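**Student:** Questions regarding the structure given below will be posed in turn.
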Amino acid sequence: MAAVPVITVDGPSGSGKGTLAKALADHLGWHLLDSGALYRIVGCVAARLSVEVTDQTALAELARGLDIQFQGDVVWVRIAGQRTDLADEIRTEDAGVQASVVAALPEVRRAILSVQQGFRRNPGLVADGRDMGTVVFPDAQLKIFLDASAEERAQRRYKQLKNKGLSVSLRGLLEQIRERDARDRGRAVAPLKPAEDAVILDSTHLSIDAVLAQVVSLAKKAGLAH
Ligand code: DC
């Protein structure tokens, strides 16, 4: 039986990979895995249950026992028996930082590995993250690594947060992005880097539609789309 097709979209935060992965999954009618959301959920649930981010074993156990349901924009997570929507909580800047910290722990990554692989279902999966092409789905049929300059990524985030009516400093965001990049790229386990067989795209000067068009054309060439 042929393996369920997977397209991986890896890259740093703010490169547009989340938007690209969602648009691509919609275009193909495939499932979507937002793996960053899983790390964000682990961080948020740990905070709610007062689990220390230094307690790797407790965090891994928490990750293994997660009961999560993605339902459109709603993210249902069962916490202490209570079904809770964490959609807004996991999208904050703090949750991103917390996610990056727990994601550096090898036991947590191991615990989340099989959860992620469970998303591989017919007719196909678009998997968005940092190590989708290198670790989680090394046999993916198409691997994209989407990059953009740190300055452009900070600008995009700044606009997003401004539009939400939040007051933020561009300089602060740029610093945060650089710190997070350093942690994600520099960690010992599954660091953020392109798979050897990944196609590297730079979205600094490209609209999301232009990037999507390029990826759809690559998917067609790989026989994954019509
Ligand atoms: O994509 P994101 O910003 O939601 O991810 C949040 C953090 O989770 C990011 O800083 C690094 C981590 N992460 C990871 O280590 N591996 C993944 N596959 C996805 C996210």
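**Student:** Quick check on this structure: which one of Asp73, Asp10 is under 30 Å from Leu174 (Cβ atoms), touching a residue at least 40 places away in the same chain (Cβ under 8 Å) and among the charged types (D, E, K, R)?
**Tutor:** Asp10
**Student:** Identify all residues within the range 114-137 that are of a type outside the set (Gly, Ala, Ser) and near the ligand (Cβ under 10 Å from one of its atoms); write none if there are none.
**Tutor:** Those that are of a type outside the set (Gly, Ala, Ser) and near the ligand (Cβ under 10 Å from one of its atoms): Gln116, Asp128, Arg130, Asp131, Met132, Thr134, Val135, Val136.
**Student:** Moving to a separate point now. Scan the range 1-43 residue by residue and report those that are in a helix (DSSP H, G or I) and open to solvent by less than 10 Å² (accessible area, probe 1.4 Å).
**Tutor:** Hits for the range 1-43 are Leu20, Ala21, Leu24, Ala25, Ser35, Ala37, Leu38, Ile41, Val42, Gly43.
**Student:** Sort out which residues of the range 53-99 are open to solvent by 40 Å² or more (accessible area, probe 1.4 Å), small (Gly, Ala, Ser) and closer than 12 Å to Tyr39 by Cα, and write them in order of number.
**Tutor:** Matches in the range 53-99: none.
**Student:** Related question: I'd like the full set of residues that are part of a helix (DSSP H, G or I) and either surrounded by fewer than 15 Cβ atoms within 10 Å (Cβ to Cβ) or within 11 Å of the ligand (Cβ to nearest atom) (or both), limited to the range 104-113.
**Tutor:** Pro106, Val108, Arg109, Arg110, Ile112, Leu113
**Student:** Does Gly16 count as in contact (Cβ under 8 Å) with a residue 40 or more places away in the chain and touching a helix residue (DSSP H, G or I) at 6+ places or on another chain (Cβ under 6 Å)?
**Tutor:** Criteria met by Gly16.
Table: residues versus (1) touching a Ser or Thr at 6+ places or on another chain (Cβ under 9 Å); (2) within 11 Å of the ligand (Cβ to nearest atom); (3) not hydroxyl-bearing (Ser, Thr, Tyr).
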position	(1), (2), (3)
Ala3	no, no, yes
Asp10	yes, yes, yes
Ser15	yes, yes, no
Leu20	yes, no, yes
Asp26	no, no, yes
Gly29	no, no, yes
Leu33	no, yes, yes
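**Student:** Given the residues Ala99, Ala140, Ala154, which is the only one that is over 25 Å from Glu179 (Cβ atoms), touching a helix residue (DSSP H, G or I) at 6+ places or on another chain (Cβ under 8 Å), within 14 Å of the ligand (Cβ to nearest atom) and of a type in the set (A, V, I, L, M)?
**Tutor:** Ala140 is the lone residue from the list that is over 25 Å from Glu179 (Cβ atoms), touching a helix residue (DSSP H, G or I) at 6+ places or on another chain (Cβ under 8 Å), within 14 Å of the ligand (Cβ to nearest atom) and of a type in the set (A, V, I, L, M).
**Student:** Need the failing condition index for Val45 against (1) in contact (Cβ under 8 Å) with a residue 60 or more places away in the chain; (2) more than 13 Å from the ligand (Cβ to nearest atom), just the number.
**Tutor:** (1)
The values are calculated or read from the model by the stated rules, or taken from the named source; none is laboratory data. Quantities reported herein were computed from a predicted structural model and do not represent experimental measurements. Methodologically, a virtual Cβ is constructed for each residue, glycine included, from the backbone with ideal geometry; neighbour enumeration extends over all protein chains shown. Just the protein is used for accessible areas: all its heavy atoms, side chains included, with ligands, DNA and RNA removed. Shrake-Rupley method; radii C 1.70, N 1.55, O 1.52, S 1.80 Å.
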